[in-house]
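The values are calculated or read from the model by the stated rules, or taken from the named source; none is laboratory data. Keep in mind it's a predicted model, so treat the numbers as computed, not measured. Quick reminder, even Gly has a Cβ in these numbers, built from the backbone with ideal geometry, and neighbours come from all protein chains shown.
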Amino acid sequence: MLKPRSTPTRELVNLDGLWRFGIAGRVQDEPWTGRLDTTLEAAVPASYNDLFADREIRDHVGWVWYQRTARVPRGWADERVLLRLDSATHQGRVYVDDQLVAEHVGGYTPFEADITDVVRAGEEFRLTVGVNNELTNVTLPPGTLTVEQSGRRKQTYLHDFFNYAGLARSVWLYSRPATHVEDVTVVTGVDGAAGTVDYAVRTSAPADVRVRAVDVDGTEVAAGTGAEGSLRIEDVRLWQPGAAHLYDLVVELVDGGTVVDSWTESFGVRTVEVRGTQFLINGEPFYFTGFGKHEDTPIRGKGHDDAYLVHDFQLMEWIGANSFRTSHYPYAEEVLEFADRHGIVVIDETSAVGLNLAVTGGLAGAVTTPTFSPETFNDQTQAAHAQHLRELIARDKNHPSVVMWCITNEPSSNEEGAREYFEPLVQLTRELDPTRPVTYAVVMFANPSNDRIADLFDVISLNRYYGWYVANGDLVTAEDYLERDLRGWAAKYDKPILMTEYGADTMQGLHSLWDIPWTEEYQRDFLDMHHRVFDRVEAFVGEQIWNFADFQTTRAIHRVDGNKKGVFTRDRRPKAAAHALRQRWLGLNGVKPSGPA
Ligand code: GCB
């Protein structure tokens, strides 16, 4: 789905700001039929949970309501009028005046509605959005709803981040010509000093298509006609990690000599390939340094925030991180566009986190209830997962920064049913995008002998906590366990191995001379130990620490106001480990260290 943009044929109105807000039970039934009965206002974009000094709102389970008025610009009389929500977490219902115009399930992908027939140019309308935060066995991420004896509804879930909800990304009103560009796909290649650009344009109605590739200074570097084709850019400047270069693909629909729609998609020319145990970008081995991140900030929760976006990328550059994973859901499109422009490499992850009932069996991973069964994660879950993949890849396929899809985090991949569940999804991912490698983040209970799905994927991405959940406070034992584990995978599979999670909770300001978990020194030494091991394993292609910054979680005995595995605090101050990492990563500069074998 194309991100709304202002072009010579399209106009855009941003609907962010303060909206009337209320939770179900406190406002009228059918709130879309009139003015929302509330004195509260909520900021959009932001998760609503932490905005108010009200526990009931923070922990509310069910529908909440947002409302505002909006005016259709008077010049739009001959245009189609669309409403676009960049996300509604986790389910959205959109009403224009009394009418339902859109419904969407899935909290991290956009959706839109053509509202031309229910609005008029120049006039105002009442826009009401219902958002529901409930998670079940057929949503992604999944969860369980229970009703306590008191009647209180309670949401539990299997993932380690707070279930922030609401309108956490922008809302737009935009105009589009009746005959328009519906979709653009760009796939690039390299041929000697030239770049090849295969493009495909989908239009809403038959029309002549012309395209041109334009460099940053406005120079046209290639042009073509037809809905599908291949362009060649001589002396191309590649999109490289750390040295981004973007071109624009200007797509025009022409009818009787007039341009009826114009759309610009930026793209970078680069290739991605897995060969043996190497991960290649533009034919060169690439070594990932960086983090698993979260969209998480004080007050805003998962609300997109440009100031944090800029600052987080500044910190990543400062520390020498060349990449991150969008753990554990697709991030706002602004984040990927920023990564495109700044040469940061992204592993793009779905919101399929928590497909694992063995985790509730404790650290031993004892299976209590089967994860994959008609009563637990079933065909309906799989169908929701497939739909989520379609929406994610449709949204993100043209970003040069995205080099790999991660289709799930820590599923119970060692359990019966895992293969049946995942094999069709891996196949679907490859059909939707034959150009990018596919991976999944492997939970620590899955090892080379019991995991049932690793062979289906291109890269083995491991989440491991030796020295934290296992061998806590004993880095000597942890080092031995870690090395055996990595060598086990390397011996079994001729594939690149990447560490997508390793980390230790750390309280900023807590210090010790000894190996004391939670101290800043322990986090530093823990990371050092891992890096020694990584440098000894040949198939190793990268290290992404858990986590970039401390983040909010649900309440738990092992969480102190959230997860503290950040290398930065929640307000982005460096812990001691940040300085040590900077030393290592700036020295590596994307190239694997050649440690002793
Ligand atoms: C994991 C999860 C991540 C958690 C992390 C932890 O394995 O993938 O979501 O936050 O462990 O800190 O326990």
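Across the range 394-407, what is the total count of residues that are part of a strand (DSSP E or B) and over 17 Å from LYS293 (Cβ atoms)?
Qualifying residue count, the range 394-407: 1.
Is it true that some residue in the range 476-492 is farther than 15 Å from THR408 by Cβ, aliphatic (A, V, I, L, M), part of a loop (DSSP other than H, G, I, E, B) and assigned by TED's automatic domain parsing to the domain that holds GLU423?
Applying the first criterion (farther than 15 Å from THR408 by Cβ) to the range 476-492 yields 476-492.
With the extra rule that they be aliphatic (A, V, I, L, M), the set shrinks to 476, 478, 482, 486, 490-491.
Now restrict to residues that are part of a loop (DSSP other than H, G, I, E, B): none.
Among the residues of the range 476-492, not one is farther than 15 Å from THR408 by Cβ, aliphatic (A, V, I, L, M), part of a loop (DSSP other than H, G, I, E, B) and assigned by TED's automatic domain parsing to the domain that holds GLU423, which makes the answer no.
Restricting the search to the range 445-460, which residues are out of contact with any helix residue (DSSP H, G or I) (no Cβ under 6 Å at 6 or more places or on another chain) and away from the ligand (no atom under 12 Å from the Cβ)?
Hits for the range 445-460 are ASN447, SER449, ASN450, ASP451, ALA454, ASP455, PHE457, ASP458, VAL459.
Inside the range 252-270, can you point out the residues that are at pLDDT 95 or above and of a type in the set (Gly, Ala, Ser)?
The answer is SER262, SER266, GLY268.
Let me confirm something: among GLY562, GLY542, which residue is away from the ligand (no atom under 13 Å from the Cβ), in contact (Cβ under 8 Å) with a residue 12 or more places away in the chain and within 24 Å of the chain's Cα centre (by Cα)?
After applying the criteria, what remains is GLY542.
Scanning the range 461-493 for residues that are of a type in the set (A, V, I, L, M, F, W, C) and more than 14 Å from VAL537 (Cα to Cα), which turns out farthest from the ligand (Cβ to nearest atom)?
VAL476
Which residue is nearest to ASP528 (Cα to Cα), if the candidates are limited to the range 457-475 and must be small (Gly, Ala, Ser) and assigned to a loop (DSSP other than H, G, I, E, B)?
GLY467
Among the residues of the range 171-227, which ones are among the aromatic types (Phe, Trp, Tyr) and without any contact (Cβ under 8 Å) to a residue 60 or more places away in the chain?
TYR199
With the structure loaded, tell me whether VAL187 is surrounded by fewer than 22 Cβ atoms within 10 Å (Cβ to Cβ), within 26 Å of the chain's Cα centre (by Cα) and not assigned by TED's automatic domain parsing to the domain that holds GLN387 or whether it fails that test.
The answer is yes for VAL187.
Look through the range 494-504, keep the residues that are under 14 Å from GLY276 (Cα atoms) and among the charged types (D, E, K, R), and return whichever of them is nearest to the ligand (Cβ to nearest atom).
LYS495
Kindly indicate whether any position in the range 511-520 is over 20 Å from VAL346 (Cα atoms), of a type in the set (Val, Ile, Thr) and in contact with a His (Cβ under 9 Å, 6 or more places away or on another chain).
yes
Could you identify the single residue in VAL260, VAL254 that is away from the ligand (no atom under 16 Å from the Cβ) and buried (at least 19 other Cβ atoms within 10 Å of the Cβ)?
On the way: VAL254 fails: buried (at least 19 other Cβ atoms within 10 Å of the Cβ).
Step by step, each of VAL260, VAL254 is checked, and only VAL260 is away from the ligand (no atom under 16 Å from the Cβ) and buried (at least 19 other Cβ atoms within 10 Å of the Cβ).
Residues that are surrounded by fewer than 17 Cβ atoms within 10 Å (Cβ to Cβ), without any contact (Cβ under 8 Å) to a residue 60 or more places away in the chain, outside any loop (DSSP other than H, G, I, E, B) and more than 32 Å from the chain's Cα centre (by Cα): does the range 228-243 have at least one?
So far as the range 228-243 goes, no, none of its residues is surrounded by fewer than 17 Cβ atoms within 10 Å (Cβ to Cβ), without any contact (Cβ under 8 Å) to a residue 60 or more places away in the chain, outside any loop (DSSP other than H, G, I, E, B) and more than 32 Å from the chain's Cα centre (by Cα).
Just give me the residues in the range 565-597 being surrounded by 20 or more Cβ atoms within 10 Å (Cβ to Cβ), assigned to a loop (DSSP other than H, G, I, E, B) and within 16 Å of the ligand (Cβ to nearest atom), in sequence order.
The answer is LYS565, GLY566, VAL567, LYS575.
Sort out which residues of the range 509-539 are part of a loop (DSSP other than H, G, I, E, B) and more than 16 Å from the ligand (Cβ to nearest atom), and write them in order of number.
Those that are part of a loop (DSSP other than H, G, I, E, B) and more than 16 Å from the ligand (Cβ to nearest atom): GLY509, LEU510, HIS511, SER512, LEU513, TRP514, ASP515, ILE516, THR519, VAL537, GLU538, ALA539.
Looking at this structure, is THR429 crowded, with 21+ Cβ neighbours inside 10 Å, within 16 Å of the ligand (Cβ to nearest atom) and among the polar types (S, T, N, Q)?
Criteria not met by THR429.
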